[in-house]
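The values are calculated or read from the model by the stated rules, or taken from the named source; none is laboratory data. Please read these numbers as outputs of a predicted model, since none were measured by experiment. Please note: Cβ atoms are built from the backbone with ideal geometry, for glycine as well, and neighbour counts cover all protein chains shown. Heads up: the accessible areas ignore ligands, DNA and RNA and are worked out on the full protein's heavy atoms, side chains in. Shrake-Rupley method; radii C 1.70, N 1.55, O 1.52, S 1.80 Å.
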Amino acid sequence: MENTINITLKVWRQRGPKEKGFFETFDLKNISTDMSFLEMMDVLNEQLVAEGKEPVVFDHDCREGICGMCSMFINGHPHGPDEDVTTCQLHMRKFKDGETITVEPWRSAGFPVIRDLMVDRNAFDKIMQAGGYVSVNTGGIPDANAIPIPKPIADEAMDAASCIGCGACVAACKNGSAMLFVSAKVSQLALLPQGKVEAAARAKKMVAKMDELGFGNCTNTRACEAECPKNVSITNIARLNREFLCAKIKD
Amino acid sequence: MTTIDSKIPQGELKDKWTNYKNHQKLVNPANKRKLDVIVVGTGLAGASAAASLGALGFNVLNFCIQDSPRRAHSIAAQGGINAAKNYQNDGDSVYRLFYDTIKGGDYRAREANVYRLAEVSNSIIDQCVAQGVPFAREYGGLLDNRSFGGAQVSRTFYAKGQTGQQLLLGAYSALSREVNRGSVKLYTRYEMLDVVIIEGRARGIIARNLVTGQIERFFGHAVVLGTGGYGNTFFLSTNAMGSNGSAAIQVYKKGAYFANPCYAQIHPTCIPVHGDIQSKLTLMSESLRNDGRIWVPKKKEDAEALQKGRKTANDIPDEDRDFYLERRYPAFGNLVPRDVASRAAKERCDAGFGVNNTGLAVFLDFKYAIQRLGKDVVAARYGNLFQMYEKITDQNPYETPMMIYPAIHYTMGGLWVDYELQTSIKGLFAIGEANFSDHGANRLGASALMQGLADGYFVLPYTIQNYLADQIQVPRMSTDLPEFQAAEKEVNDKIAKLMSIKGKRSVDSIHKELGLVMWDFVGMARTKESLETAMNKIKALKKEFWSNVFIPGEANSLNTELEKALRLSDFLEIGYLMAIDAYNREESCGGHFRSEYQTEEGEALRQDDKFSYVACWHYQGEDKDPELLKEPLDYEFTERKTRNYKE
Ligand SMILES: Cc1cc2nc3c(=O)[nH]c(=O)nc-3n(C[C@H](O)[C@H](O)[C@H](O)COP(=O)(O)OP(=O)(O)OC[C@H]3O[C@@H](n4cnc5c(N)ncnc54)[C@H](O)[C@@H]3O)c2cc1C
Ligand code: SF4
Ligand code: FES
């Protein structure tokens, strides 16, 4: 049984970071509800190319919700209306026949638009470079089972580690804060004995870098948690704050 | 005739790698800083190599197509990574991992390479744990394992259904640290478009800045390719959209051998195709076969009723279900290697027992696991995979069996490399899925992650020094040298030509056509005739592409259609190489199944006396067939047997 719908798309077009953007409207007919949102965008782009026009530019790669590359702000929500999915996992069955769908890029001071729906998330890499690691070289490492780690701790670290670095948390936040992203990495490593050693210093360095790059402050609106496709919990922010305080006290 | 030197070290199998390391040349710390190494790719192979080389003190330039190294295709690997730790005390050992890999690869891999892989596997797990990779653990706090196809021991380490993600994030962390220390410089949203060769050695690359469209030149004393596999030749595959084979084709055209291109892996457990707009196929991890049972109806009328939607899976009673893998392969059951499982599914569907409205699917059923273990245990093991399945298909696998079908997943073939991971061009190395390396004709589950990280953390950082030790006198070269200019001009000419075609067809429409040719004629079962057809069709399609493709926009600006067109131009070359190699290899082995060569029971029939070699294809020029060179595979330490997963 294949269902199809007709939709109107209002898509943000912007040539470059400094140029003025605008909405362009397209009508799409007979869109199968089994299609993913990005496949629907492919249909649009094939149409545009057939008309000799440039396609709508957007980021995507794995198309299975893990690389964190796709990043569309759909009908007022990062990654659209469905729960716990990325844009690429969103399916057209979530939309109604005749619906108008608004598609915008992430909007945040930390993520300048490159073109259309594609933004520059380099800032996340820079925050990671500031301290998002355990300082070990390759080789000369003790046996992996040398330090047992209680399963609940390992599981909690895994939950924090499931962040895909998509930036939806920043896009969802009225302050443009990157706290959920930063706290996920800080938490993951602080929970594990291997990362514990540098935990306080790591928190301090990553937060300083985040501030420097123009991300806003966290005022606990919880919008990030609600929109995170991977359910990263804001309890991680509390843990980050603890590590951060530790670092301050040591100073 | 050119002879091929794989540079296998002397000695007993178990001593070769140690002997090599004891006698290889090294670069001293002061000299490392003077040496530039270009690493293309930030997947498991590229990121681990770049991080390790940076930590050693080399000056590393690291490139990737995505906006961040963390988004390389490796991130999508689900199931796990093998190592011979024997933590379960179930009889595993370095030798057994070696043996399973050799056998799984249907005796078409090099013994020495595979042994080394098994040998370094344990260090990988240690390394990852030290980086903070949150592997699954048991209640006692020690690492947990699961079993994967082609093995009778539990040696697979995993992090939920996100093992690739966690391993890549570990490598990305290590890489980030080196960026911070200044030893690695990252070039994200850059695509390599050619290698620069000076006096017979790889000395740099030409790359396109994907944001500005500018073509840029980069020098390196050595160049390392960790650019992944070419499964996307088939258009629909489990690979990420940006995965491509272009770097391999670029260097192939400069003289690097392309080895065993026809060895491609079709993965048995993917979500079936649903329509012609589909952009990719989603893998359901092989780990599901641990607890899921695969079946189709025993009766044709049931199959037809299911196809027409008159019955659902739950209407078929147990006695009318054919658990065909358990029936055909009692010893391994649902855990036979991928090639075997894929062909068995195809066999049932071709015989008319397939399900789904297309008849091209089989069931993967968790009813029995839920009865045995309870829903909670099943949810803890596979919850995220079930969620993914439901989001895509709108069906709940706790209540109704999943439907799966084989899809192209991984390419064992790739750039030929010697024991040092050096291609046939001096100073050009290939690691990870990009090389042809260690999996022979079929890769076992959870072994690609192992190989990528083995290459990047523990093999290349040694072997590249044996090369670089002789390069310390070579000063950094100017990118104004004529060789750089010529390479850049070639790239610019190619782009100008593509832009000027202004034909009628979109890049994707031609790519989809190529994909269908590959699937129909170079897919799971190949014949002499199908391969001849494929070669003719691919030639025609190449012509169509070069005369009728349309690319909007400009070359010197961000242009996603141009990016795709450049990659497709290379997929057309690879498709042809796959077909010609499959045509030449008149035997069935691993993932390469020639219908003419099978046993009475439908199993692959090797021809060891004729085809026990690595097929190395050597480029001879545009529109000429490549020359075939052979690297003989001598089995000194293992006896070649017919693979048997029945008993
Ligand atoms: C869905 C899925 C699940 C899998 N699950 C498992 C599993 O459970 N266990 C297992 O062992 N294996 C698994 N595999 C296989 C495994 O993930 C891959 O073989 C492996 O990750 C490849 O790693 P790589 O580093 O060689 O290449 P990739 O991860 O593909 O990285 C390639 C890199 O090269 C870059 N690149 C490519 N071309 C260029 C260019 N021209 N210029 C610049 N940069 C370029 C890309 O940007 C990227 O950074 C799975 C594969 C898939 C598709
Ligand atoms: S915390 Fe969630 S929303 Fe933020 S980057 Fe990570 S996965 Fe995306
Ligand atoms: S494309 Fe990878 S998460 Fe959406």
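List of remarks:
- When we screen B:LEU169, B:LEU210, B:LEU175, B:LEU186 for residues that are farther than 15 Å from B:ALA486 by Cα, within 16 Å of ligand 2 (Cβ to nearest atom) and not hydroxyl-bearing (Ser, Thr, Tyr), the only hit is B:LEU169.
- Here B:LEU193 fulfils each of the conditions (1) assigned to a strand (DSSP E or B); (2) within 9 Å of chain A (Cβ to nearest Cβ) apart from (2).
- Residue that is nearest to B:GLN166 (Cα to Cα), among those in the stretch B:77-92 that are away from chain A (no Cβ under 12 Å), buried (at least 21 other Cβ atoms within 10 Å of the Cβ) and out of contact with any strand residue (DSSP E or B) (no Cβ under 6 Å at 6 or more places or on another chain): B:GLY79
- Residue tally, condition buried (at least 23 other Cβ atoms within 10 Å of the Cβ) and in a strand (DSSP E or B), over the stretch B:177-189: 1
- Residue-level check: of (1) more than 8 Å from chain B (Cβ to nearest Cβ); (2) within 22 Å of the chain's Cα centre (by Cα), A:THR4 misses just (2).
- Which numbered condition A:PHE23 fails, given (1) farther than 19 Å from B:LEU558 by Cα; (2) outside any strand (DSSP E or B): (2)
- Take the conditions (1) at the interface with another protein chain (Cβ under 9 Å from one of its Cβ atoms); (2) open to solvent by 10 Å² or more (accessible area, probe 1.4 Å); B:SER74 misses just one of them, which is (1).
- Residue count, the stretch A:57-79 (criterion: open to solvent by less than 10 Å² (accessible area, probe 1.4 Å), over 21 Å from A:ASN45 (Cβ atoms) and not in a loop (DSSP other than H, G, I, E, B)): 1
- Hey, B:ILE501 under 28 Å from A:ARG15 (Cα atoms), in contact (Cβ under 8 Å) with a residue 24 or more places away in the chain, surrounded by fewer than 18 Cβ atoms within 10 Å (Cβ to Cβ) and within 14 Å of another protein chain (Cβ to nearest Cβ) or not: yes
- Within the stretch B:47-71, if we keep just the residues that are within 6 Å of ligand 1 (Cβ to nearest atom) and farther than 14 Å from B:VAL179 by Cβ, the residue that is farthest from the other protein chains (Cβ to nearest Cβ) turns out to be B:ILE65.
- Residues located in the stretch A:90-100, provided they are farther than 20 Å from A:ALA223 by Cβ and open to solvent by less than 20 Å² (accessible area, probe 1.4 Å): A:HIS91, A:MET92, A:PHE95
- Qualifying residue in the stretch A:101-116 (condition: open to solvent by 30 Å² or more (accessible area, probe 1.4 Å), facing chain B (nearest Cβ under 10 Å) and not in a loop (DSSP other than H, G, I, E, B)): no
- Of all residues making up the stretch B:384-416, the number that are more than 22 Å from B:PHE571 (Cβ to Cβ) and more than 14 Å from chain A (Cβ to nearest Cβ): 9
- One residue alone among B:TYR95, B:TYR20, B:TYR99 is open to solvent by less than 30 Å² (accessible area, probe 1.4 Å), hydroxyl-bearing (Ser, Thr, Tyr) and either over 16 Å from B:GLY452 (Cα atoms) or assigned to a strand (DSSP E or B) (or both), and that residue is B:TYR20.
- Among the conditions (1) more than 26 Å from A:CYS62 (Cβ to Cβ); (2) assigned to a helix (DSSP H, G or I), B:ALA174 misses just one, which is (1).
- Looking only at the stretch B:121-150, and only at residues there that are surrounded by fewer than 24 Cβ atoms within 10 Å (Cβ to Cβ) and more than 10 Å from every other protein chain (Cβ to nearest Cβ), the one that is nearest to A:SER187 (Cα to Cα): B:ARG146
- The single condition among (1) in contact (Cβ under 8 Å) with a residue 24 or more places away in the chain; (2) within 16 Å of ligand 2 (Cβ to nearest atom); (3) open to solvent by 10 Å² or more (accessible area, probe 1.4 Å) that A:ASP82 does not satisfy is (1).
- Selection count where residues are within 21 Å of A:SER32 (Cβ to Cβ), without any contact (Cβ under 8 Å) to a residue 60 or more places away in the chain and in a helix (DSSP H, G or I), scope the stretch B:384-409: 2
- Hits in the stretch B:556-605 - residues which are touching an Asp or Glu at 6+ places or on another chain (Cβ under 6 Å) and surrounded by 23 or more Cβ atoms within 10 Å (Cβ to Cβ): B:CYS589, B:GLY590, B:GLY591
- Hits in the stretch A:81-100 - residues which are within 16 Å of ligand 1 (Cβ to nearest atom) and not in a loop (DSSP other than H, G, I, E, B): A:CYS88, A:GLN89
- Counting only residues that are out of contact with any Asp or Glu (no Cβ under 7 Å at 6 or more places or on another chain), of a type in the set (Val, Ile, Thr) and at pLDDT below 95, the stretch B:267-294 holds 2 of them.
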